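Contents: one structure, followed by commentary.
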Amino acid sequence: MEINMKRTDVVIIGTGAAGLYCALHIPEEINVLMITKEAFDQSDSFLAQGGMCMLRDEEDYEGYFEDTMRAGHYENDKKSVEVMIRSSQDVAKELLAYGVDFNRENGKLVFTREGGHSRPRILFHEDVTGKEITGTLYENAKKRKNITILEYTTMLDILEKDNCCYGIVMQDQDGTIESVQAKYTVFACGGLGGLYRHSTNFRHITGDALAIAKKHAITLEHVDYIQIHPTTLYSEKPGRRFLISESVRGEGAILLNKKKERFCNELLPRDVVTAEIKKQMAADNMPYVWLSMERIPKEEIETHFPNILQRCLEEGYDPTKECIPVVPAQHYFMGGIKVDLSSKTSMNRLYAVGEISCNGVHGKNRLASNSLLESMVFAKRAAQAICGEIKTVTFDDTIKEADAALYANIEKLKEEYKKIVLDEIEREKQSH
């Protein structure tokens, strides 16, 4: 089997919010190739319900900073947190300019509150904020002549020499394997929820980039920092768990035990609420607890949470009239490939943005609705760093096509990658 090689200035793996935002901040004279494992909208960015945090005003800075640090058990990188918060208003303005339709009242942006936040500071679009943001970014990217998007295309490996990344090896929809030489490579391929039985993530998101990074001695950090979301809709059906957004609790929903008694403060950080729910489930000998929206007006449920309402109705529950069963499930990955403030990894010309990266913003536990913001703040910084250097970089004619023998059995390779990631998570756990 012969592997052909093509060239592009920048290759971005992933079409979620981080990948698209990075691509849109690269000038049109620079060619960008984006690939994604499944359809363009099958990224976890599209699933984000709650919203995106934004610094309300200067008086809000200390509170927002403290909320983020407290949720992360003060293991956050303070400089990264500062960069994210200080950049939030600019990101919001850019999203509005792209056409994102955040909820408004009387022409003014509306802010909601979620667990761990000391005040409302979260912009949202109904209960499908991720879909609104990422879908809008995608529509803008499609208009750019320099951006090419390949769906159903999987990264198998990177091209590397002397700790410098020269692109990737990929398999397209037809099964053809190609090498792509790129001046810069950006991992924006999401987390690892597909490795877990119960997860809110798409099943194909399995942390491949982590395995590839480990294989090439790229520095990782905190790969055992994995967030469990407290409230997903309980179901005995196999597959992805449906998230019941934290903003539902932020607007007044409460958690109840099997006797329909309230048992915890629903607005504490996610890991604390998750622990309380698991403790209650054990005490009740039940596979779920109840979530009641009785304190939220029916019209607010219908307008703020239409997607959640519809899904609950499909599962046989009417949250405007009755409690719904909820259970914790794997949701987010705080660890990842270690990066600096420009999203640069330990390998030259390789960047990582979004959930696959670890810049220290989230610490040990992510504050609600910081993920979309963080992914775009640091994706833009990656694009800026790349644009600042790319004119001095040329293609390397000594880089050879990938060895076809290494990719003769793709299914075996995928299983090897899964094992590498799970083994690394366990190794990290044991090191504490």
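The values are calculated or read from the model by the stated rules, or taken from the named source; none is laboratory data. Computed from a predicted model, the values in this text were never measured in an experiment. Methodologically, a virtual Cβ is constructed for each residue, glycine included, from the backbone with ideal geometry; neighbour enumeration extends over all protein chains shown.
All but one of (1) farther than 23 Å from I277 by Cα; (2) outside any helix (DSSP H, G or I) hold for T303, so report the exception by its number.
With (1) farther than 23 Å from I277 by Cα; (2) outside any helix (DSSP H, G or I) applied to T303, the lone miss is (2).
Identify the residue in the range 25-37 that is buried (at least 21 other Cβ atoms within 10 Å of the Cβ) and touching a helix residue (DSSP H, G or I) at 6+ places or on another chain (Cβ under 7 Å) and, among all such residues, is nearest to I390 (Cα to Cα). Let's see the steps before the verdict.
Of all residues in the range 25-37, those buried (at least 21 other Cβ atoms within 10 Å of the Cβ) come to 26, 32-37.
Still in the list and also touching a helix residue (DSSP H, G or I) at 6+ places or on another chain (Cβ under 7 Å): 26, 32, 34.
Details: I26: 11, V32: 12, M34: 17 Å.
By that ranking, first place goes to I26.
Filter the range 164-180 for residues that are polar (S, T, N, Q), touching a residue at least 60 places away in the same chain (Cβ under 8 Å) and in contact with a Ser or Thr (Cβ under 8 Å, 6 or more places away or on another chain) and give the result.
The answer is Q171, and nothing else.
Using beta carbons and a limit of 9 Å, which pairs, at least six apart or on different chains, have the first residue in the range 91-114 and within 24 Å of Y138 (Cβ to Cβ) and in the same structural domain as F46 (by TED's automatic domain parsing) and the second one among the polar types (S, T, N, Q) and in a loop (DSSP other than H, G, I, E, B)?
L109/N103
Here is a list of conditions, (1) in a helix (DSSP H, G or I); (2) in contact with a Cys (Cβ under 8 Å, 6 or more places away or on another chain); (3) not assigned by TED's automatic domain parsing to the domain that holds E424, and K260 meets all of them except one; can you say which number that is?
Going through (1) in a helix (DSSP H, G or I); (2) in contact with a Cys (Cβ under 8 Å, 6 or more places away or on another chain); (3) not assigned by TED's automatic domain parsing to the domain that holds E424 one by one, K260 breaks only (1).
Among the listed residues A385, A379, A402, identify the single one that is under 15 Å from Q181 (Cβ atoms), surrounded by 15 or more Cβ atoms within 10 Å (Cβ to Cβ) and hydrophobic (A, V, I, L, M, F, W, C). Let's see the steps before the verdict.
On the way: A385 fails: under 15 Å from Q181 (Cβ atoms); A379 fails: under 15 Å from Q181 (Cβ atoms).
That would be A402, the only listed residue that is under 15 Å from Q181 (Cβ atoms), surrounded by 15 or more Cβ atoms within 10 Å (Cβ to Cβ) and hydrophobic (A, V, I, L, M, F, W, C).
Any residue in the range 49-72 that is closer than 26 Å to R144 by Cβ, of a type outside the set (F, W, Y), surrounded by 21 or more Cβ atoms within 10 Å (Cβ to Cβ) and not assigned by TED's automatic domain parsing to the domain that holds A253?
Our first condition is that a residue be closer than 26 Å to R144 by Cβ; within the range 49-72, this holds for 52, 54.
After this cut, where a residue has to be of a type outside the set (F, W, Y) as well, the list is 52, 54.
Cutting the leftovers down to surrounded by 21 or more Cβ atoms within 10 Å (Cβ to Cβ) gives us 52, 54.
If we keep only those that are not assigned by TED's automatic domain parsing to the domain that holds A253 as well, we get 52, 54.
Yes, some residue in the range 49-72 is closer than 26 Å to R144 by Cβ, of a type outside the set (F, W, Y), surrounded by 21 or more Cβ atoms within 10 Å (Cβ to Cβ) and not assigned by TED's automatic domain parsing to the domain that holds A253.
Can you say whether T112 is in contact with a strand residue (DSSP E or B) (Cβ under 8 Å, 6 or more places away or on another chain) and either more than 22 Å from Y152 (Cβ to Cβ) or buried (at least 22 other Cβ atoms within 10 Å of the Cβ) (or both), as far as the supplied structure shows?
Here the answer is yes, as T112 does meet what is asked.
In this structure, is L96 buried (at least 16 other Cβ atoms within 10 Å of the Cβ) and either farther than 26 Å from T231 by Cβ or touching a Gly at 6+ places or on another chain (Cβ under 6 Å) (or both)?
no
Yes or no: G14 surrounded by 17 or more Cβ atoms within 10 Å (Cβ to Cβ), more than 19 Å from L210 (Cα to Cα) and under 20 Å from the mean Cα position of the chain (by Cα)? Steps first, answer last, please.
Details: surrounded by 17 or more Cβ atoms within 10 Å (Cβ to Cβ): yes; more than 19 Å from L210 (Cα to Cα): no; under 20 Å from the mean Cα position of the chain (by Cα): yes.
Spelling it out, it is not the case that G14 is surrounded by 17 or more Cβ atoms within 10 Å (Cβ to Cβ), more than 19 Å from L210 (Cα to Cα) and under 20 Å from the mean Cα position of the chain (by Cα).
Name the residues in the range 155-200 that are within 20 Å of G354 (Cβ to Cβ), of a type outside the set (F, W, Y) and not in a strand (DSSP E or B), would you?
A188, C189, G190, G191, L192, G193, G194, L195, T200
Go over the candidates A23, A39 one by one and state the one that is aliphatic (A, V, I, L, M) and not in a loop (DSSP other than H, G, I, E, B).
Working: A39 fails: not in a loop (DSSP other than H, G, I, E, B).
When all the criteria are applied, what remains is A23.
Among residues belonging to the range 263-281 that are part of a loop (DSSP other than H, G, I, E, B) and in contact (Cβ under 8 Å) with a residue 60 or more places away in the chain, point out the one that is nearest to the chain's Cα centre (by Cα).
Our first condition is that a residue be part of a loop (DSSP other than H, G, I, E, B); within the range 263-281, this holds for 263-269.
From what is left, the residues that are in contact (Cβ under 8 Å) with a residue 60 or more places away in the chain are 266-269.
Working: E266: 23, L267: 22, L268: 21, P269: 18 Å.
Once the filter is applied, the top-ranked residue is P269.
Scan G191, G167, G175 and give me the residue that is out of contact with any His (no Cβ under 7 Å at 6 or more places or on another chain), crowded, with 20+ Cβ neighbours inside 10 Å and at positive phi. Quick ask: steps written out before the conclusion?
Values: G191 fails: at positive phi; G175 fails: crowded, with 20+ Cβ neighbours inside 10 Å.
After applying the criteria, what remains is G167.
Looking at (1) part of a loop (DSSP other than H, G, I, E, B); (2) in contact with a helix residue (DSSP H, G or I) (Cβ under 9 Å, 6 or more places away or on another chain), which one does Y152 not meet, given that it meets all the others?
Of the numbered conditions (1) part of a loop (DSSP other than H, G, I, E, B); (2) in contact with a helix residue (DSSP H, G or I) (Cβ under 9 Å, 6 or more places away or on another chain), the odd one out for Y152 is (2).
Taking only the range 205-235 into account, find how many residues are closer than 28 Å to Y317 by Cβ, not in a strand (DSSP E or B) and not aliphatic (A, V, I, L, M).
The qualifying residues number 2.
Of the conditions (1) touching a strand residue (DSSP E or B) at 6+ places or on another chain (Cβ under 9 Å); (2) in the same structural domain as R262 (by TED's automatic domain parsing); (3) assigned to a loop (DSSP other than H, G, I, E, B); (4) of a type in the set (D, E, K, R), K321 fails just one. Which one is it?
Going through (1) touching a strand residue (DSSP E or B) at 6+ places or on another chain (Cβ under 9 Å); (2) in the same structural domain as R262 (by TED's automatic domain parsing); (3) assigned to a loop (DSSP other than H, G, I, E, B); (4) of a type in the set (D, E, K, R) one by one, K321 breaks only (1).
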